[in-house]
């Protein structure tokens, strides 16, 4: 399993009801179902990855989270995961709202566009920065709504969400020691957010 | 066809099969319907393909749709005339008869071997006609279960059905929560819409208003309500196709020639096609069965009472696959998503996919590649769980009894 998924799994309580948005091949959900006794459900837009979920026995809906989550009721999940997906949505605010409608706790991870290497790339080369985590050329990248950790925290605040926990991530997805200046030093970040009652 | 030709889906056949019959309920030991009425004898026509394994864990049930029958796969002597779901069922096919023991039965109230309105009423010796008791999807499932038990199977690896076949799968899982490890519902619904019922109503009117209908007692008059039944079929058939599939198949082409005759007879190809559909339907179908089954569908509403549905769904152990087709306007994707919503709300594991296909509701009978891939992948996994012991995503009925908290 990807190291960032390991980090996420560590925040999911055993037996929790989990929705994974953009669940990919279902490896996180499979782990949560098998190892942590969770009730897992995924949403995935790609047909190939949908079939990979099916082959793993992970319940999954093929669908586009940009259209919302009308199949799921309010607060019907303990945890909703949006891992490395927010930046690829067309309507990130709507997706975040839907996520916090159907779930109590949100786990959001994304590449941090404030990382010094990306800043330096733009400043020195004058071109859209690329990196190991953001390898695509600007016109073909699926990551159309990139943000920095500071941007995300602003959005969370504007949306009335409380940040329960922030975990800076390294390029390989493991948790980073860049606690101090995450917006400058962390390649990515993971947030636990909730809507205060 | 040469012996060295590559194996196509048409050739990977279960081969020669026969429809068997068994009496599952008798006059002395009748079927008790949901209504409380009793029906006996009940004979069932069925076919099986593949071999039941020693542990009896690989049995899989096919629930047919409104006008289907027990002959789902293989052939009865003429390989060019295979069963109605032969593209899906067979050696190496998505429903793989090398691995699964597949059962398909004509449903209760049918007219292709299973007891229905055209069967003799033991009280009179004459066909029941409209004296056949009204039954339900649940009653159809009761008879399927009796057959499964007769074949020595206690828990099925799963069941699949398209359209009203999917309704049977859902009702089965709700009424008998330990019976099905998996359930596949293709272009099905949890309830007919007003539009669906409206089409049913007109189809029934066509039959009921046929002078030869004779109040349903046409069986011994030597005349049958053929005009009404053919008309019902023609109209229903339009709802099984899509605008695009009709455009592709017929467009505005003129039958037998270049110039339209400009009369009221059959002129366009699509008219000829519908006429043929209506006429050929008469050879294999019974008007009374059509009335009953369409009514059974209209009344079916398993989630109508939320409290009853919640109680049933709390005990379900079935893993569901729900599939729809983007051009189906008979039971559009919204119907399948309604099913998904109801299941997911009660923590029932459900997988859903809308498949792109130009062929409308009929797509479930056709070899649409992504559809077949999905069924294949799902069934392989369900087989791993039910036969091979792979750990399955938890279903509500697998969990310990609730501790009294509201769900």
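Computed across the stretch B:230-366, the Kirkwood radius stands at 17.9 Å (inverse of mean 1/r, all Cα pairs). Residue ranges A:18-27, B:305-314, B:283-292, B:389-398 sort as A:18-27, B:283-292, B:389-398, B:305-314 when ordered by packing (mean number of other C-beta atoms within 10 Å per residue, highest first). The long axis of helix A:47-56 is offset from the longest Cα principal axis of chain A by roughly 50 degrees. For peptide A:39-45, the mean count of partner chain Cβ atoms within 10 Å of a residue's Cβ comes to 3. Note: relative contact order over the stretch B:84-197, using C-alpha pairs below 8 Å and six or more positions apart, is 15 percent. Of the beta bridges in chain A, as assigned by DSSP with both residues counted there, near 45 percent are antiparallel. Restricting to chain B, compute how many DSSP beta bridges are antiparallel as a %, nearest 5. Taking every DSSP beta bridge with both residues in chain B, the antiparallel ones total about 30 percent. On the beta carbon distance between residue B:124 and residue A:36, with R0 = 56 Å, the FRET formula returns roughly 0.30.
Based on C-alpha pairs under 8 angstrom that are at least 6 apart in sequence, the stretch B:197-295 has a relative contact order of 31 percent. Debye calculation, C-alpha points only, no solvent: report log10 I(q)/I(0) for the stretch B:8-92 at q = 0.10 Å⁻¹, in the same order as the q values. Here log10 of I(q) over I(0) equals -0.35. If you look at the Cα atoms of chain B, you get an Rg and a Dmax of 21.5, 75 Å.
Return the FRET efficiency for the residue pair residue A:164, residue B:247: r is the Cβ-Cβ distance, R0 is 45 Å, and the value is rounded to the nearest 0.05. Efficiency, rounded to the nearest 0.05: 0.25. Enter the angle in degrees (range 0 to 90, nearest 10) between the Cα long axis of helix A:27-36 and the first principal axis of the Cα atoms of chain A, meaning the one along which they spread out most. Here the helix axis deviates by roughly 50 degrees.
Ranked by the mean number of other Cβ atoms within 10 Å per residue, highest first, peptides B:207-219, B:372-384 order as B:372-384, B:207-219. One equal scatterer on each Cα of the stretch B:47-115, no solvent, Debye formula: the resulting log10 I(q)/I(0) at q = 0.13, 0.23, 0.24 Å⁻¹ is -0.36, -1.00, -1.05. The value of relative contact order for chain B, using C-alpha pairs under 8 Å at least six residues apart, is 16 percent.
Coordinate range of the alpha-carbon atoms in the stretch B:299-407 per principal axis, descending: 49, 38, 18 Å. Packing, taken as the mean count of other beta carbons within 10 Å per residue, orders the peptides B:184-190, A:147-153 from highest to lowest as B:184-190, A:147-153. FRET efficiency for the pair residue B:399 and residue B:151, taken as 1/(1 + (r/R0)^6) with r the Cβ-Cβ distance and R0 = 25 Å, rounds to 0.25. Peptide A:57-66 is shielded by partner chain Cβ atoms: per residue, an average of 6 of them sit within 10 Å of its Cβ.
How would you classify the stretch A:3-194 from its alpha-carbon gyration tensor, with a ≥ b ≥ c the square roots of the eigenvalues: rounded for a/c under 1.5, else prolate if a/b is greater than b/c, otherwise oblate? The shape class here is prolate. Sorting A:46, B:13 from the fewest to the most surrounding beta carbons within 10 angstrom yields A:46, B:13.
Shielding value for B:385-397 is 3, the average number of Cβ atoms from other chains within 10 Å of each residue's Cβ. Counting only Cα atoms, the protein assembly as shown measures 92, 67, 54 Å along its principal axes, largest extent leading.
Taking every DSSP bridge with both residues inside the protein assembly as shown, close to 35 percent are antiparallel. Across the stretch B:147-246, the volume of the C-alpha convex hull divided among the residues equals 166 Å³ per residue. Each 5 Å bin, from zero up to the one with the longest distance, holds this percent of the alpha carbon pairs of the stretch B:197-295: 2, 13, 20, 20, 16, 13, 9, 5, 1.
No lab work stands behind these numbers, since they all come straight from the coordinates. Because the structure is a prediction, the values reported are computed rather than measured. Note: ideal-geometry Cβ built from the backbone for every residue, glycine included; neighbour counts use all protein chains shown.
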